[in-house]
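The values are calculated or read from the model by the stated rules, or taken from the named source; none is laboratory data. Since we're looking at a predicted model, the values are computed, not measured. All Cβ positions, even for glycine, are placed from backbone atoms using ideal geometry, and neighbour counts span all protein chains on display.
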Amino acid sequence: MPTVSVKRDLLFHALGRTYSDEEFDELCFEFGLELDEITSEKDIISREQGDTKAEGASDVILYKIDVPANRYDLLCLEGLVRGLQVFKEKYVLSPRYRRVSPTSGEPQRLVITEETAAVRPHAVAAVLRNITFTQERYDSFIELQEKLHQNVCRKRTLVAIGTHDLDTISGPFTYTAKPPDDIRFTPLNQAQEYTATELMNLYKTDSHLRHYLHIIEDKPVYPVIYDSNGIVLSMPPIINGDHSKISLNTKNVFIECTATDLTKAKIVLDMMVTMFCEYCEEPFTKETLSGDFINRKVGISESTERIAQLLTKMCLRSEVMSDGEQIEVEIPPTRSDVIHACDIMEDAAMAYGFNNIIRTTPRTYTVANQLPLNKLTELLRQDLAAAGFTEALTFALCSQEDIADKLLKNISDTRACHIANPKTAEFQVARTTLLPGLLKTLAANRKMPLPLRLFEISDVVLKDETKDVGAKNNRRLCAVYYNKSPGFEVIHGLMDRVMQLLEVKPGRDEGYHIQAAQDSSFFPGRCAEIFAHGKSIGRLGVLHPDVISRFELTMPCSALDIDIEPFL
Amino acid sequence: MADAGLVETLLRCVEKADGGLDSQDVATSLGVDHQAIVGAVKSLQALGDVISAEQRSSKHWELTGEGCEIAEQGSHEARVFSSIPDEGMPQGQLMKLAFGKVGFSKAMSNKWIRLDKGHEGGPRVFRTVENIEDSVRDKLLVVQKGQSSQLEEKEKSELKKRKLLSEVTVKSYWITKGSLFSTTITKQETELTPEMIASGSWKEKKFKPYNFEAMGVAPDCGHLHPLMKVRTQFRQIFLEMGFTEMPTNNFIESSFWNFDSLFQPQQHPARDQHDTFFLSDPAQAHEFPLDYLERVRKVHSEGGFGSQGYKYDWKIEEAQKNILRTHTTAVSARMLYKLAQKEKFTPVKYFSIDRVFRNETLDATHLAEFHQIEGVVADYGLTLGDLMGILHQFFTKLGITKLRFKPAYNPYTEPSMEVFSYHEGLKKWVEVGNSGVFRPEMLLPMGLPEGVTVIAWGLSLERPTMIKYGINNIRELVGHKVNLQMVYDSPVCRLDA
């Protein structure tokens, strides 16, 4: 969820009144925002860098407000104020946007050449005319650009925004792509010219820009925008030229958005333009829906007129049509999140107030069923605890070492599913057995009085070609007994008890029996395979001393590991 | 049990004494060690109110080793005086005596003797008086007789300073008759035995009283894990409300079911390497219902079903990527798709409680895996009011009655609501879950009838458990670092209590 930081007093000034922190928090809640933190620049610096650094920093109160991830229109002070004011019915109507032509008559043009297809194929542009920046507005303008870059632009991969002082350049503009050594210009805030190749090296160490280099780094050609005199405006998505940079005195702003996703590029350009001016070239889209649709979905019964009013309150200017049933809703370009009638329905519900809707009970009649596997698990857990074993709850993810080396097994024999992007070794694979988790639980509780008796009934994950995703879960029952003597008879007794609970009698064919088996995790001659109804269901035995020491344990330990799915 | 003979002797002493007696005095008069009397007192106390014994402590003065020597042989100064003959004694010779040094200076300050430094043949000591009175010895003899009270405090502290006297604290019992006093004692039984029951002898026996202050012996039993106890309760609540359990035993899921089928666009941040665990083996899912897949592609890239769609180039390669599921809603999607394939739609209520995985930064309240609780209802004509009504019923069963809802954003529900409850302890509203109405772009491509609405909500299992059991660090609850003592000690789980 993006967080927008705004100066409180500036916000209240724009809203036309002041609020107590509680009142403002309440207003945010109703509108779907969250007042996350009340702070100041001084507070932030002192928290992050210590009191001494904070000396002299501004102590103007800042509100940090959490904005829903799809509401790009609320990412700056201007948008927030507009949204809240209309919500509080301060504005009679939400603003309308329209495009105007420059006094000269000729609109600016951005020509896109074919070469860009190889690297960043889309670009859109617009001009803000006769704008007056103040320091606050300028800061807000830059911050909105940054917020958009981080959110909808997906860290500039989808869209990159460039803003330029139009009076320092002349159209028509050309968006093209060239080999890096053929691009040469003075980048923003630098004193000399560099080739694109040199720039990429220069920015390798730049704490901010280095995160964007990978987007074009290995491409044969880099995107670049020129004006009619060959001046470089920008090399998206990395850096603008220094020549056309905007300042507080800039009157006319040229905004270009280059993109790999055209829809997102349009959204971003609309945001930039509508937040900062009255002009926009995007026409309104209109949706028609019935008041009845909203009443039915929300569970209210309001008149069509009232619903139109509710929508208007949410910046969706709405009118009841001549039939008295249908409502025509104008969707301004700021509301790119509205793509279906249900999005309009949500705004109506918000304007009505979620907490004013009467809570009803649906008459849906259904009979409950437990999943048989979970039902069996629940029943067995109770009885294993009654048998003196304590339940552990261990992670489904672990290291390769846990399921292979430490158990004296080969990872290639495990049928393990491997994770591609683990941040640490703890998340390399999905577990193929519950045993490592239980042994680690023992190790973390060595100070507890002996014997320790633990069990877990949970899922392991195994590769399985017959499944659509190539893997399946398997419900296992695993138990360990840890004491000064191995206690094979204890774990064997537990196995007998489990079979008794599952109504399987001792016996060779239809019953269960165990027979000596080889398993590298167990002490030679102390491991048996368990068969039930003629099928192998697991093993039990005394663990190999090397397994015990690899899990940082010191006492003998016996273990039981069986598949419970055959008993469904 | 102390020596039975001594116990009876003690009882007879108590019988004779009017108004009680002191255990020290008994020890002295019987000529036995005081500890033996204390033992007898203790065993009598265990028999009930035979005697009453009140502990007291008294102080008295005792001679030190040096004090005893002086009481016997006289003070050092007196011995110096008496060892000097009329013709005097060379100082060097005097100093060689064991008591010489101390005795000389004391005798000098008492002016009993004098030193002639100029005497020929070296300094020589002479008596100056005929007789002396050895008051130090006299005082010590008084103390030795047990009459220290005759001495003044100043005198006693003077002798203490000279390490001749020491003050000793003596603990003793003041013993009086109890309400059940008798000079004969019967042995008390500790426990009822089968023999006593058979013979009826228990009727005549006296039984040793139990100490009800002590703790009992902990039963030798196993314990269920607290998080699983809470899971059982949540399952119970869903079953009481008529919800059927979904098969969530598939941790590995394709991006298609986890994201695409939920109308979550392919560039969505949740699909990032930073948030989701992708698999390298098996890296891809290879089986999809193809006509449904095509409808999903279309609604994302071109729109349809009343939607403009996201208008981007939807790629099957993205959908094929295997991941560890990030939510159990992936299973809900599979179940709803399955429901839509039935000939006739029947309303359903589903639930699940199972593990989900996030490739997130870990801290005291976040792990890479946690349990998600999810409820889903599908029927014709469900409203937002119905969703809030069900949530109200669900949370009431958890003991939470004060709820309010905040508008929120979620790519696959519209409207989306965060559920807040008023926490009486924290005196503020805290988020307890998420909820919403599934988008038509998710439901209609599955083939569900147009009028069917699906409402759903979810919450984590760990959070209410941590609140319930007062656990601050999630690692103490989930995973191998669990504190087993906490598991042993955890109470039953009654969520509404």
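Hey, does the stretch A:347-361 have a residue that's within 33 Å of the chain's Cα centre (by Cα), polar (S, T, N, Q), more than 7 Å from chain B (Cβ to nearest Cβ) and in a loop (DSSP other than H, G, I, E, B)? So far as the stretch A:347-361 goes, no, none of its residues is within 33 Å of the chain's Cα centre (by Cα), polar (S, T, N, Q), more than 7 Å from chain B (Cβ to nearest Cβ) and in a loop (DSSP other than H, G, I, E, B). Suppose the filter is basic (Lys, Arg) and under 30 Å from A:Tyr481 (Cα atoms); does B:Arg297 pass it? The answer is no for B:Arg297. Residues considered: B:Ser52, B:Ser58. Of these, the only one that is outside any helix (DSSP H, G or I), surrounded by fewer than 16 Cβ atoms within 10 Å (Cβ to Cβ) and not acidic (Asp, Glu) is B:Ser58.
This table checks each residue for (1) under 41 Å from the mean Cα position of the chain (by Cα); (2) modelled with pLDDT under 95; (3) of a type outside the set (Gly, Ala, Ser); (4) in a helix (DSSP H, G or I).
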| position | (1), (2), (3), (4) |
| --- | --- |
| B:Gln236 | yes, no, yes, yes |
| B:Asn250 | yes, no, yes, no |
| B:Pro265 | no, yes, yes, no |
| B:His274 | yes, yes, yes, no |
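The set of residues in the stretch B:172-199 being charged (D, E, K, R) and farther than 30 Å from B:Ser58 by Cβ consists of B:Lys187, B:Glu189, B:Glu191, B:Glu195. Among the residues of the stretch B:276-294, just one is of a type in the set (Phe, Trp, Tyr), closer than 19 Å to B:Arg358 by Cβ and not in a loop (DSSP other than H, G, I, E, B), namely B:Phe278.
A:Ala443 satisfies every condition listed in (1) facing another protein chain (nearest Cβ under 9 Å); (2) of a type in the set (Gly, Ala, Ser); (3) surrounded by 21 or more Cβ atoms within 10 Å (Cβ to Cβ) except (3).
Examine the stretch A:32-44 for a residue that is more than 14 Å from every other protein chain (Cβ to nearest Cβ), closer than 13 Å to A:Lys7 by Cα, surrounded by fewer than 17 Cβ atoms within 10 Å (Cβ to Cβ) and touching a Ser or Thr at 6+ places or on another chain (Cβ under 6 Å), and state whether such a residue exists. Checked against the condition, which is being more than 14 Å from every other protein chain (Cβ to nearest Cβ), closer than 13 Å to A:Lys7 by Cα, surrounded by fewer than 17 Cβ atoms within 10 Å (Cβ to Cβ) and touching a Ser or Thr at 6+ places or on another chain (Cβ under 6 Å), the stretch A:32-44 yields at least one hit. For the stretch A:366-404, enumerate the residues that are at the interface with chain B (Cβ under 7 Å from one of its Cβ atoms), surrounded by fewer than 21 Cβ atoms within 10 Å (Cβ to Cβ) and among the hydroxyl-bearing types (Ser, Thr, Tyr). Within the stretch A:366-404, A:Thr366 is the sole residue that qualifies.
For the stretch A:411-440, taking the residues that are within 15 Å of A:Ala392 (Cα to Cα) and part of a helix (DSSP H, G or I), the one that is farthest from the other protein chains (Cβ to nearest Cβ) is identified as A:Leu435.
Restricted to the stretch B:232-252, and to residues there that are under 22 Å from B:Glu476 (Cβ atoms) and more than 9 Å from chain A (Cβ to nearest Cβ), the residue that is surrounded by the most Cβ atoms within 10 Å (Cβ to Cβ) is B:Phe234. Checked against the criterion of being touching a residue at least 12 places away in the same chain (Cβ under 8 Å) and away from every other protein chain (no Cβ under 11 Å), the candidates B:Val487, B:Val492, B:Val478 yield just one match: B:Val492. Screening the candidates A:Met499, A:Met495, A:Met555 for the property of being touching a residue at least 60 places away in the same chain (Cβ under 8 Å) and either under 25 Å from A:Asp383 (Cβ atoms) or surrounded by 21 or more Cβ atoms within 10 Å (Cβ to Cβ) (or both) yields one hit, A:Met495. The single condition among (1) away from chain A (no Cβ under 13 Å); (2) surrounded by fewer than 18 Cβ atoms within 10 Å (Cβ to Cβ); (3) in contact (Cβ under 8 Å) with a residue 60 or more places away in the chain that B:Met446 does not meet is (2).
Checking each residue in the stretch B:356-375 for being within 21 Å of B:Ser435 (Cβ to Cβ) and touching a Ser or Thr at 6+ places or on another chain (Cβ under 8 Å) picks out B:Val356, B:Arg358, B:Phe370, B:His371, B:Gln372, B:Ile373, B:Glu374.
Restricting attention to the stretch A:326-338, which residues are in contact with a Lys or Arg (Cβ under 9 Å, 6 or more places away or on another chain) and either at the interface with chain B (Cβ under 7 Å from one of its Cβ atoms) or of a type in the set (S, T, N, Q) (or both)? Result: A:Thr334, A:Ser336. Among the residues of the stretch B:263-289, those that are at the interface with another protein chain (Cβ under 9 Å from one of its Cβ atoms), out of contact with any helix residue (DSSP H, G or I) (no Cβ under 6 Å at 6 or more places or on another chain) and crowded, with 20+ Cβ neighbours inside 10 Å comprise B:Thr276, B:Phe277, B:Leu279.
When B:Val14, B:Val26 are checked against the criterion of being in contact with a Cys (Cβ under 9 Å, 6 or more places away or on another chain) and in a helix (DSSP H, G or I), B:Val26 stands alone in meeting it.
Only residues that are more than 10 Å from chain A (Cβ to nearest Cβ), more than 47 Å from the chain's Cα centre (by Cα) and of a type outside the set (Asp, Glu) were counted across the stretch B:253-262, and they come to 1. Filtering the stretch B:342-380 to residues that are within 20 Å of B:His480 (Cβ to Cβ) and of a type in the set (A, V, I, L, M, F, W, C) leaves B:Val356, B:Phe357, B:Leu362, B:Ala364, B:Leu367, B:Ala368, B:Phe370. Quick check on the stretch B:323-342. Is at least one of its residues within 9 Å of chain A (Cβ to nearest Cβ), among the hydrophobic types (A, V, I, L, M, F, W, C), touching a residue at least 60 places away in the same chain (Cβ under 8 Å) and surrounded by fewer than 19 Cβ atoms within 10 Å (Cβ to Cβ)? Looking through the stretch B:323-342, none of the residues is within 9 Å of chain A (Cβ to nearest Cβ), among the hydrophobic types (A, V, I, L, M, F, W, C), touching a residue at least 60 places away in the same chain (Cβ under 8 Å) and surrounded by fewer than 19 Cβ atoms within 10 Å (Cβ to Cβ). Scanning the stretch B:119-142 for residues that are outside any strand (DSSP E or B), among the charged types (D, E, K, R) and over 60 Å from the mean Cα position of the chain (by Cα) yields a count of 6.
For the stretch B:295-331, a residue qualifies if it is closer than 29 Å to B:Ser460 by Cβ and part of a strand (DSSP E or B), and the qualifying residues are B:Lys321, B:Asn322, B:Ile323, B:Leu324.
Restricting the stretch B:310-322 to residues that are free of Cβ contacts under 8 Å to residues at least 40 places away in the same chain and more than 10 Å from chain A (Cβ to nearest Cβ) leaves a set whose member that is nearest to B:Pro289 (Cα to Cα) is B:Ile316.
Taking the criterion of being in a loop (DSSP other than H, G, I, E, B) and not polar (S, T, N, Q), the residues of the stretch A:332-346 that qualify are A:Pro332, A:Pro333, A:Arg335, A:Asp337, A:Val338, A:Ile339.
Quick grid of which residues meet (1) farther than 28 Å from B:Asn249 by Cβ; (2) over 45 Å from the mean Cα position of the chain (by Cα):
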{"site": "A:Glu456", "(1), (2)": "no, no"}
{"site": "A:Lys463", "(1), (2)": "no, no"}
{"site": "A:Lys472", "(1), (2)": "no, no"}
{"site": "A:Cys478", "(1), (2)": "no, no"}
{"site": "A:Tyr481", "(1), (2)": "no, no"}
{"site": "A:Ser485", "(1), (2)": "yes, yes"}
{"site": "A:Asp496", "(1), (2)": "no, yes"}
{"site": "A:Ala516", "(1), (2)": "yes, yes"}
{"site": "A:Asp546", "(1), (2)": "yes, no"}
